[in-house]
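A short write-up of the structure that comes next.
The values are calculated or read from the model by the stated rules, or taken from the named source; none is laboratory data. These numbers come from a predicted model, not from an experiment. When we count neighbours, we look across all protein chains shown, and the Cβ atoms used for this are built from the backbone with ideal geometry, even at glycine.
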Amino acid sequence: MAVSPLLQLSGVSLTFGGEPVFDDLSLNVQPGDRVALVGRNGSGKSTLMKVMAGLVEPDRGDKVSPSGISVGYMEQDPDLSGFATLGEFAAANLSPGEMYKVERAGEGLKFDPNRLVETASGGERRRAALAKLMAEEPDLMLLDEPTNHMDIEAIGWLEEELKSTRRAFVLISHDRRFLTELTRATLWIDRGQVRRQEKGFAAFEAWRDKAWDDEDMQRHKLDRKIKAEARWAVEGISARRKRNQGRVRALQDLRKERASQIKRQGQAAMDLASGPKSGKKVIDAKGLTHAFGDKPIIRNFDLLVQRGDRVAFVGPNGVGKTTLIKILMGEITPDEGSVKLGTNLVPAIFDQTRAQLDGDVSLWDSLAGDKEIGVSGKADQVMVRGQPKHVVGYLKEFLFDERQVRAPVRSLSGGEKARLLLAKIMARESNILVLDEPTNDLDVETLDLLQELLDDYDGTVLLISHDRDFLDRVATTTIAMEGRGRAVAYAGGWSDYRRQRGADDPQAQTVKSKPKKDVAKPAAKPTKAPTLSFTEKHRLEALPGEIERLEAEIAKLEEFMADPDLFHKEPVKFQKATEALVERQEALANAELEWLELEEKAEG
């Protein structure tokens, strides 16, 4: 039995300012789809998602959804006007008895539903929009960079929620690990064309590289053919001029075809130059203790950072990662302890708030007017690692075009602002980089280049990031800030830290709305107490076995449903398996909750 798609785009074309964004685009989203939407910054991913959501009307083509199908879109900049609190906004379309859904999402995503809208940060507003979408449970969820400005724990909660949902979703993200864990198909936007592969993001880069290799080969063959035909046109046309006019026109057509091919966007010409070599010891911190009021940031913390180290700081938002780095860099004096900085340090700082960028000035003035890199007396030049360069030429190296150089910084996208800030930082020589959330908004290709530059950088790097893949690729030491002033150093990146800590995903240990696996399977029999009845004692002893059985059944069902073609080949079996999975997941949650309640009663 054929299944109707949840969403269908047919022959969609869209043009902004004379430049085509899409041309004759067609695609379907089917029930159960888990799709990664990928492409370079500026390729049109968010625009396509808005077309899918019905927020942008295409110039031509049709968007069709069957009657009764709901499509939900997570807004990047939600309009909360008219709402007093974040929770009121998130529950606007729910019945009064469904507020618990918003509260549950608020706990997992770490925002307070009672927070007043007027005092909420941009990140809190975005998380409220995501909670709204999750609570409304549409048939198709459109998620545009849902993990931006989230900490790893909240990302882990969202990842688990999306793994267990039966709803279809299309996901834009630059977080490799997040995409790899969740997606089973990939939509790739490249120069106005959208291609689909029925494999998740894990297979994307190999697919992309092969497509580009094939394209380069075809272009090479076309260039050789044009060259051969052009030689013939010069040397052999005079003898049979009339007879060979068709061949001349064919040569003209070949040249038109070659000229019409859109060049791929290149990588930003980013480079990092180390300044004078610093001393071998870069930071020597001993006995650091610091607090904000009653909130401890760090207690009795020691750290030795040597030249060439890549030190990552991880932990929940608000735990004090940025504060600790400022203490280590001498910007904040600790309440107790000492920090000794090495000799000859030349720092460069990437600020996650982009505070170094003035939104009201142009890109040109942002660079030329920078006292550290602007050239005195020459308003059109900047000093790039000791060499003068024209402002426009340098901006082009970071993929900005001439139409943007006089535009205000506030008109840039998040990824473009990140590239502009990197341009300012990389113009200077340095021997210690402080990178506070550098990966937000950067596309996969730019992240790859940044990682390579950091690998080759001779200086020292202090890094804050919630991108697990990036941490694994870059960090040589990870400082885990776990709250209440506790910070522990581990060798290696994020995955190394998890292994050494000897625990499952750390975020699962603080997300109360998701039952903990280790709690569900106690190693020893629970202690019996007189407060339990005979029936309760028997139930407490039986529950671990029941929980283990449910987990095994869930694992088998998930393995069965992992086949990406199952929905299309066996829709009835897919539906039955989905219902069975939901039933067992609910039973498992209830059993774990019952075990916890009985265990507390037994101890009490």
Just a yes or no: is a residue in segment 54-68 surrounded by fewer than 18 Cβ atoms within 10 Å (Cβ to Cβ), aliphatic (A, V, I, L, M) and over 29 Å from Met561 (Cα atoms)?
yes
Within segment 1-18, take every residue that is surrounded by 12 or more Cβ atoms within 10 Å (Cβ to Cβ) and in a loop (DSSP other than H, G, I, E, B) and give me the one that is modelled with the lowest pLDDT.
Val3
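Conditions (1) on the phi > 0 side of the Ramachandran plot; (2) surrounded by 22 or more Cβ atoms within 10 Å (Cβ to Cβ); (3) out of contact with any strand residue (DSSP E or B) (no Cβ under 8 Å at 6 or more places or on another chain); (4) assigned by TED's automatic domain parsing to the domain that holds Gly342, marked per residue:
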residue: Leu435; (1), (2), (3), (4): no, yes, no, yes
residue: Leu442; (1), (2), (3), (4): no, yes, yes, yes
residue: Gln451; (1), (2), (3), (4): no, no, yes, yes
residue: Thr460; (1), (2), (3), (4): no, yes, no, yes
residue: Asp469; (1), (2), (3), (4): no, yes, yes, yes
residue: Ile479; (1), (2), (3), (4): no, yes, no, yes
residue: Gly492; (1), (2), (3), (4): yes, no, no, yes
So which pairs qualify, if the first residue must be in segment 305-333 and closer than 14 Å to His290 by Cβ, the second must be assigned to a loop (DSSP other than H, G, I, E, B), the Cβ gap must be under 7 Å, and the two must be at least 6 apart or on different chains?
Lys321/Gly315; Thr323/Ile332; Lys326/Ile332; Ile327/Pro334
Could you grab the pairs with beta carbons closer than 6 Å, sequence gap of 6+ or different chains, first residue in segment 452-467 and farther than 8 Å from Leu433 by Cβ and in contact (Cβ under 8 Å) with a residue 12 or more places away in the chain, second one hydroxyl-bearing (Ser, Thr, Tyr) and surrounded by fewer than 23 Cβ atoms within 10 Å (Cβ to Cβ)?
Asp458/Ser274
Right, Ala259: outside any loop (DSSP other than H, G, I, E, B), within 30 Å of Thr446 (Cβ to Cβ) and modelled with pLDDT under 90 or not?
yes
In this structure, is Val64 in the same structural domain as Glu153 (by TED's automatic domain parsing), under 23 Å from the mean Cα position of the chain (by Cα), farther than 20 Å from Arg166 by Cβ and at pLDDT 90 or above?
no
Conditions first: (1) modelled with pLDDT under 90; (2) over 25 Å from Ser413 (Cβ atoms); (3) buried (at least 19 other Cβ atoms within 10 Å of the Cβ). Gly87 passes all but one, so which condition is the exception?
(1)
Which condition number in (1) within 28 Å of Leu14 (Cβ to Cβ); (2) in a helix (DSSP H, G or I) is the one that Pro138 fails?
(2)
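One line per residue, one yes/no per condition, for (1) crowded, with 18+ Cβ neighbours inside 10 Å; (2) free of Cβ contacts under 8 Å to residues at least 60 places away in the same chain:
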position: Val102; (1), (2): yes, yes
position: Pro113; (1), (2): yes, yes
position: Glu118; (1), (2): no, yes
position: Ala129; (1), (2): yes, yes
position: Ala135; (1), (2): yes, yes
position: Met141; (1), (2): yes, no
position: Asp144; (1), (2): yes, no
In segment 464-489, anything among the polar types (S, T, N, Q) and assigned to a strand (DSSP E or B) is listed as Thr477, Thr478
Condition (residue is at pLDDT below 90, part of a loop (DSSP other than H, G, I, E, B) and outside the structural domain of Arg406 (by TED's automatic domain parsing)) applied to segment 320-340: is it met by at least one residue?
no
Which members of segment 33-61 meet the condition of being touching a strand residue (DSSP E or B) at 6+ places or on another chain (Cβ under 6 Å), modelled with pLDDT of 90 or more and at positive phi?
Gly61
Tell me, please, whether a residue that is among the charged types (D, E, K, R) and closer than 24 Å to Leu399 by Cα can be found in segment 459-478.
yes
Restricting segment 389-433 to residues that are touching a residue at least 40 places away in the same chain (Cβ under 8 Å) and hydroxyl-bearing (Ser, Thr, Tyr), which is surrounded by the most Cβ atoms within 10 Å (Cβ to Cβ)?
Ser430
Can you report the number of residues in segment 342-388 which are loosely packed, with under 14 Cβ neighbours inside 10 Å, on the phi < 0 side of the Ramachandran plot and either without any contact (Cβ under 8 Å) to a residue 12 or more places away in the chain or part of a loop (DSSP other than H, G, I, E, B) (or both)?
11
